[in-house]
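Heads up: the structure comes next, in structure tokens.
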Amino acid sequence: MVNLKKLQKEILKNKLAKGFNTTDIAMEFCFTHEELSEAFHKFNRGEKGVGEELADVAIYLLGMSEILGFNLEKELIAKVEKNKKRKFKKEKSSDGKNIYTRIRTDEDP
Ligand SMILES: [Mg+2]
């Protein structure tokens, strides 16, 4: 199993060693978005390398998590559990497609 917190530290260490941005968080969001767009571009054209672009997205997310001081592994696990407990109401649209609407609760508003 991968230790994402350890990976976060390695990613930040590499960014610092190379003199990459670690202070302008808005720019990090833009770079992350750029990598996601690269992944979609390759996917959309049926090109190879989608996985590597998604890895770039994950690297930016992990790097930002380290810069901002939280543990993305813990955040992921907590969110996956939260999502599992969420309940949805299923309805049909006028054209017969399924529409899912989350049922809000006091615990998960
Ligand atoms: Mg890339």
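No value in this document is a laboratory result; all are computed from the given coordinates. These numbers were taken from a predicted model, which means no experiment stands behind them. When we count neighbours, we look across all protein chains shown, and the Cβ atoms used for this are built from the backbone with ideal geometry, even at glycine.
For the reader, a short list of remarks on this structure follows.
- Screening the candidates Leu72, Leu62 for the property of being touching a residue at least 60 places away in the same chain (Cβ under 8 Å) and under 27 Å from Lys42 (Cα atoms) yields one hit, Leu72.
- Which listed residue, of Lys74, Lys84, Lys79, is of a type outside the set (Gly, Ala, Ser) and either more than 15 Å from the chain's Cα centre (by Cα) or within 16 Å of the ligand (Cβ to nearest atom) (or both): Lys84
- Annotation note: Cβ proximity below 7 Å between a residue of region 36-59 that is among the basic types (Lys, Arg) and a residue that is more than 9 Å from the ligand (Cβ to nearest atom) (sequence gap 6+ or interchain) occurs for Lys42/Val50.
- Unique match (being within 16 Å of the ligand (Cβ to nearest atom), of a type outside the set (D, E, K, R) and under 16 Å from the mean Cα position of the chain (by Cα)) among Ser37, Ser65: Ser37
- Note on region 16-34: residues that are among the acidic types (Asp, Glu) and within 12 Å of the ligand (Cβ to nearest atom) amount to 1.
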